[in-house]
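Below you'll find the structure, written out as structure tokens, and then a few comments.
The values are calculated or read from the model by the stated rules, or taken from the named source; none is laboratory data. Since the structure is predicted, the reported quantities are computational estimates derived from the model, not experimental observations. Note that each Cβ is placed from the backbone with ideal geometry, even for glycine, and that neighbours are counted across all protein chains shown.
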Amino acid sequence: MGDLLRQGCQWLAQMRGAHCASQVTYRRGEAELVLSATFGRPDREVEDQFGVRIGATMTDFLVEAADYRLIADPVLLVDVLYVVCKEQADDANVTDEQFGRSMAGDAVDAATRAFLEELADFTPSPRDRARARKVIDATWKLIDRAQDVLDAKADGELARASDAALSALGGSSGNSPASSEPIPAS
């Protein structure tokens with residue numbers, strides 16, 4: 001049943017994105033980014049102990065994380081970061097090429113984290129901001145765990161490959177007992 005529900009949710013999300021989404025522009029200062037988003041207008045109403053009703057209509061924007069394509073495409077990410085930082089880059093006489101060359105390793109990782117946190121803070125609702133931060137934190141934890149698994153797998157593969165290479169050369173591998181025969185002098 002869980003698989004059927006997951007598939008249904010995926011289908012519904014695809015249909016929402018394909019048939020209900022509109023282009024929205026995320027602006028911060030002079031910088032802007034066009035994204036595909038679905039509008040939500042939840043009406044909220046509460047009644048106090050005196051019978052007074054207070055209501056609000058808010059506008060939410062549902063944006064698929066995949067629509068950002070930023071984490072999967074580092075070149076696009078750096079381009080977007082440059083657009084966001086263009087005013088400061090212009091003030092510092094930094095070209096887009098210089099900016100791009102400076103974005104490697106730890107710098108691009110820190111910039112990605114900062115951008116996603118700012119994007120979460122852009123949400124007007126405190127609950128939505130908190131939820132977005134939870135999702136971002138969980139995503140970074142997942143990425144860190146995935147990196148740990150990949151590191152362990154790479155270590156195992158490297159050990160097996162080196163053992164196989166040594167065996168092919170007729171040498172002793174790390175898992176084989178050493179030969180008791182003396183090695184002839186050349």
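Filtering the range 18-31 to residues that are surrounded by 10 or more Cβ atoms within 10 Å (Cβ to Cβ), modelled with pLDDT of 70 or more and within 23 Å of the chain's Cα centre (by Cα) leaves 21, 22, 24, 26, 27. Remark: pairs (first residue in the range 106-134, in contact (Cβ under 8 Å) with a residue 24 or more places away in the chain and exposed (fewer than 15 other Cβ atoms within 10 Å of the Cβ); second residue outside any helix (DSSP H, G or I) and of a type in the set (Lys, Arg); Cβ separation under 9 Å; 6+ apart in sequence or on different chains) = 118/28; 122/28.
Remark: pairs (first residue in the range 72-90, loosely packed, with under 13 Cβ neighbours inside 10 Å; second residue aromatic (Phe, Trp, Tyr); Cβ separation under 9 Å; 6+ apart in sequence or on different chains) are absent.
In summary, helices (runs of 4 or more DSSP H) completely within the range 89-179 and bearing 1 or more residues that are more than 17 Å from the chain's Cα centre (by Cα) occur at 96-102, 126-168.
On the basis of being modelled with pLDDT of 70 or more and among the acidic types (Asp, Glu), does residue 45 make the cut? Criteria met by residue 45.
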